[in-house]
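The values are calculated or read from the model by the stated rules, or taken from the named source; none is laboratory data. Note that the structure is a prediction, hence the values are computed from the model and not measured. Here the Cβ positions follow ideal geometry from the backbone for every residue, glycine too, while neighbour counts run over all protein chains shown.
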Amino acid sequence: MSRKIFVNLPVKDLQRSVAFFTALGFSFNPQFTDDNATCMIVADDIFVMLLVEPFFQGFTEKPVSDAHRQTEVLLALSLDSRAEVDAFVDQALAAGAVATQPARDYGFMYQRSFADLDGHQWEPFFMAQDAVPPQA
């Protein structure tokens with residue numbers, strides 16, 4: 001059985017978040033979109049559900065983290081090249097994101113980081129599979 005992953009993220013302003021992620025090239029599934037949530041399509045089997053905070057709170061008894069103050073998750077997203085990583089992060093910054101770490105070059109992997117409008121930390125990266133260090 002093929003598995004899918006749905007990452008659920010709380011957002012303060014759904015329309016503003018949709019505009020931000022649309023600027024990054026993402027699309028949304030209208031079947032799973034209403035005033036409380038939308039389903040952002042990342043890949044065939046990977047989705048990010050953007051849920052307005054009160055709706056998100058209905059799924060947990062724990063307090064919703066303020067991602068501007070605490071780290072709840074790091075969202076690593078693989079891209080096809082270093083240039084694509086740079087272009088993606090530059091688009092995010094132009095759309096209102098904030099850089100969170102300097103670019104990191106590990107030789108076999110290149111990574112940059114930004115916080116989206118709600119403070120969720122994204123870490124787009126490129127990994128050259130043929131350059132991955134051998135397992136010890």
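Some observations on this one:
- Residue match in segment 60-70 (condition: of a type in the set (G, A, S) and at pLDDT below 95): yes
- So F108, is it modelled with pLDDT under 95 and either more than 27 Å from D35 (Cβ to Cβ) or surrounded by fewer than 16 Cβ atoms within 10 Å (Cβ to Cβ) (or both): yes
- L51 vs. criteria surrounded by 16 or more Cβ atoms within 10 Å (Cβ to Cβ) and within 20 Å of V7 (Cα to Cα): yes
- Extreme residue, farthest from the chain's Cα centre (by Cα), among residues of segment 44-101 that are over 30 Å from D130 (Cα atoms) and in a strand (DSSP E or B): V52
- Of all the residues in segment 120-132, those that are surrounded by 20 or more Cβ atoms within 10 Å (Cβ to Cβ) and either among the hydroxyl-bearing types (S, T, Y) or outside any strand (DSSP E or B) (or both) number 1.
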